[in-house]
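Enquirer: Here's a structure for you.
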Amino acid sequence: MNVAVDPVLDRVTRRVINDPLDVPDATTAKHRIDEFTQNLGNTAAIVGAPWLLKQAVRLVRRSRVVPSAAAIAATASTLAAIAVSVQHLRVLASLLVHRLRAAGHPVDPAFVRRVTLALYLDPSVGADAARPNRMAAAHLATNWATHAVPLLRARKTATRVHRAADAIEALDLDAALQRLALERQRERDEARAIDLRRALPSEEATAHLD
């Protein structure tokens, strides 16, 4: 089953910025994470939620092969894993948004998305979470796949997400925002350098003119 990760992350970010969950601290975040994990995890285990079954059947039937009960169950487990992960990301992003607003910082969607995803995947990266990581979305997709059979690693995932909540609460916002600003300045400088090189006449054209 193919899932477009980037649109999912964009929707989560927009939703959280416009209407963040009430997650003022890491302790509250951990409670919300446990609630989502338990509720959706139980749903995935029994594969009994109508919306999961409906989505699973619809996705499996896109292929030319008649869907088997095993295929439907596997797809439902993957959908449940994605649903749990998305809710975890909502909680973490809401905590970050609350921290930014409490500190008087502007809420930059790119910053919220980048830092939330980086710390969700690796709570130990600290302020480096603000650095660009083109592989982050691919790593998230892999994470969804490996945690969906059938959510056997849910407890380990929840522990990691707890660490991510602690990491967001402990994050040096000034340092992380500075990292983001430096990365954007570097990208602008590189873009200007490319434009200048394109504007300069090539050696071949110069030789021809001579």
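This table checks each residue for (1) over 17 Å from Val8 (Cβ atoms); (2) modelled with pLDDT of 95 or more; (3) touching a helix residue (DSSP H, G or I) at 6+ places or on another chain (Cβ under 8 Å).
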residue: Arg99; (1), (2), (3): yes, yes, yes
residue: Val125; (1), (2), (3): yes, no, yes
residue: Asp128; (1), (2), (3): yes, no, yes
residue: Ala137; (1), (2), (3): no, no, yes
residue: Leu140; (1), (2), (3): no, no, yes
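Enquirer: Further question: Quick one: which residue in Ala167, Ala158, Ala176, Ala154 is touching a Leu at 6+ places or on another chain (Cβ under 6 Å) and either at pLDDT 90 or above or closer than 20 Å to Ser124 by Cα (or both)?
Expert: The conditions single out Ala167.
The values are calculated or read from the model by the stated rules, or taken from the named source; none is laboratory data. None of the values given here were measured: they were computed from a predicted structure. As a convention, Cβ positions derive from the backbone with ideal geometry for all residues, glycine included, and neighbour counts pool all protein chains shown.
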